[in-house]
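What follows is one structure encoded as structure tokens, with my remarks underneath.
The values are calculated or read from the model by the stated rules, or taken from the named source; none is laboratory data. None of these values were measured; they are calculated from a predicted model. Here the Cβ positions follow ideal geometry from the backbone for every residue, glycine too, while neighbour counts run over all protein chains shown. The accessibility values were calculated without ligands, DNA or RNA, using every heavy atom of the protein model including side chains. Shrake-Rupley method; radii C 1.70, N 1.55, O 1.52, S 1.80 Å.
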Amino acid sequence: MLGLSSQLRTLRYGRSIVSLVQTGSTNDEARAAALRGAPDGHVVCAEQQLRGRGSSGRSWSSPPGLDLFVSIVDRPAIALPQLPPLTLAVGLGVARAVEALLTAAAQVQVKWPNDVLLNGKKCAGILVEASTSGTTVDSLVIGIGLNVNRLEFEPELRDIATSLRAERPGHAALDRTQALAELLAAVELQVDRFAALGPATIVADLAPRLALIGQRARCGEVEGVVAGVSPAGALLMRTESGTRELHAGRLLPA
Ligand code: BTN
């Protein structure tokens, strides 16, 4: 991306970068690059994705020239069982970047496990995919879709999605290169904290910005009131049969 290197404040992320005009999915490009030996922190971004992927087999709407579709190759020194809450560290980083990019007051929240909400609507999604040998993580691809400048959404997204620009007074467009520099710096910082200190410090920082706390919601078969996230990164749901810890799934308002 033009002019990124002068704005980069990272040690690893984006020091090696490929910017594509169009691709199927930047996560697929990054995974192929990782298998070819791309350096730690290598970034693939694209102006448009034709087959942008979301979690649970859903697609990620990826129109050209407006938003950020970014995939980061990371080789953290963590084992596979420790991996699931890393998504929360990425979410915290994305939330911090969004706060830094928006000067006016805005409510930025993380909805467990992989959504970032801006004034109650989704502005970013995270898809972390691992290449493993046994319980060793060989490489990770951290995929982030951040709605930066979109003002129009498909009918099915209109009520639930937003962008940074849409939430700005006067709808002023943002500089996507600056947004990418901010995003990479904030996510690198939180992923490095997670690798060094584990999930508890990330969860403590997330606590004041968790979405749906105290509200009725459902995650898979489990329905109850969202109570928080455990120090290990599990979702805590208060149900009629007691508090349940959920380690994976999609949280939806009931
Ligand atoms: C979700 O909220 O379901 C996760 C969405 C992740 C989208 C990003 S865009 C960049 C990267 N490439 C993909 O195909 N998906 C991720």
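What the table shows:
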item: Trypsin sites (Lys or Arg not before Pro) within the range 33-73: DSSP coil, no more than 16 neighbouring Cβ in 10 Å; result: ARG36, ARG51, ARG58
item: Exposure rank, largest accessible area first [ILE213, ILE202; 1.4 Å]; result: ILE213, ILE202
item: Solvent-accessible area of THR135 with every protein chain in place, 1.4 Å probe, in Å² to the nearest 10; result: 90
item: Top of GLY91, GLY57, GLY41 by mean-square fluctuation, Gaussian network on the chain, Cα under 10 Å; result: GLY57
item: Global geometry of the range 1-121, whether rounded, prolate or oblate, following the gyration tensor of its Cα atoms and the 1.5 cut on a/c; result: rounded
item: Karplus-derived HN-Hα couplings along the range 40-56 (A = 6.51, B = -1.76, C = 1.60, θ = phi - 60°), whole Hz, x at Gly and Pro; result: 3, x, 4, 10, 10, 10, 9, 6, 8, 10, 8, 9, x, 10, x, 6, 6
item: Calculated FRET value between ARG238 and SER56, using beta carbons and R₀ = 30 Å, to 0.05; result: 0.80
item: Amide H contacts of LEU210 (H built 1.01 Å from N, under 5 Å, at least 5 apart or other chain); result: VAL110
item: Separation in nanometres of the label points that stand 7 Å from Cα toward Cβ, at GLU154 and THR103; result: 3.5
item: Accessible heavy-atom area order of THR26, THR243, highest first, probe of 1.4 Å; result: THR243, THR26
item: Value of relative contact order over the chain, rounded to a whole percent, pairs C-alpha under 8 Å and six or more apart; result: 18
item: Heavy atoms of HIS42 accessible to a 1.4 Å probe, total area in Å² rounded to 10; result: 20
item: Extension reserve of the ARG36-GLU221 stretch, reckoned as 0.36 nm per residue once the Cα distance is removed; result: 62.6 nm
item: Virtual spin-label span in nm between SER19 and HIS247, 7 Å along Cα→Cβ; result: 4.1
item: Of PRO85, PRO113, PRO64, the one that fluctuates the most in a GNM where the chain has Cα springs shorter than 10 Å; result: PRO64
item: Mean ellipticity per residue at 222 nm, deg cm²/dmol - from DSSP H runs of n ≥ 4 across the chain, formula -39500 (n - 2.57); result: -7000 deg cm²/dmol
item: Fluctuation leader among VAL222, VAL141, VAL108 - the chain, Gaussian network, Cα springs under 10 angstrom; result: VAL222
item: Calculated from backbone phi, Karplus (6.51, -1.76, 1.60) coupling profile of the range 227-236 in Hz, x at Gly/Pro; result: 9, x, 10, 6, x, 8, x, 7, 6, 9
item: Per-residue HN-Hα couplings for the range 128-142 [Karplus 6.51, -1.76, 1.60; θ = phi - 60°; Hz; x = Gly/Pro]; result: 9, 10, 10, 9, 10, 10, x, 9, 8, 8, 6, 7, 10, 10, 9
item: Ranking by accessible area, most exposed first, for TRP112, TRP60 with a 1.4 Å probe; result: TRP60, TRP112
item: The range 209-241: GluC sites (Glu not before Pro) falling in loop per DSSP and having at most 11 other Cβ within 10 Å; result: GLU221, GLU240
